[in-house]
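Participant: Sharing a structure with you now.
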Amino acid sequence: MVRNTLSSTHLVEAEELPMSTTTPPRAARGTGRSSAWAAGLALFSGVVMAVVGVNQVLLGISALLHDDVYVEAPDYAYRLDLTAWGWVHLVFGLLLVLTGIVVVRGLAWARGWGSGW
């Protein structure tokens, strides 16, 4: 790019200016009102996930240790015994607790995983 300058008598060709290769900086992350709402909702959802996960872990432990706590219905749609359901609740509860903790910590992949994309 060439910049023209006007001298007192005539137009003079000046030196060639280099083109800029840097991009302007983006706005800082986490600024503004909408990001405060997003952070608050992420905190809320992470805490809810952790609490529900703890509940599921306790239900799973209960089903594993005391099979007689829950009564099986005669026309049971799923053919799993209570021990199998206990393991399912325990595993998914632990995953939910871990996901909730990581969402509260603010990792982006956990927010996507926790919200189900």
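The values are calculated or read from the model by the stated rules, or taken from the named source; none is laboratory data. Since this is a predicted model, take the numbers as computed values, not measurements. A quick note on method: Cβ atoms are made from the backbone with ideal geometry, for glycine too, and the neighbour counts reach across all protein chains shown.
Participant: For segment 78-117, how many residues are modelled with pLDDT under 85, in a helix (DSSP H, G or I) and within 14 Å of the chain's Cα centre (by Cα)?
Facilitator: Summing the residues that are modelled with pLDDT under 85, in a helix (DSSP H, G or I) and within 14 Å of the chain's Cα centre (by Cα) in segment 78-117 gives 8.
Participant: Quick test for you: out of L59, L65, pick the one residue that is surrounded by fewer than 14 Cβ atoms within 10 Å (Cβ to Cβ) and modelled with pLDDT of 85 or more.
Facilitator: L65
Participant: Separate question: Kindly indicate whether any position in segment 27-36 is modelled with pLDDT of 65 or more and in contact with a Leu (Cβ under 8 Å, 6 or more places away or on another chain).
Facilitator: No, that holds for no residue.
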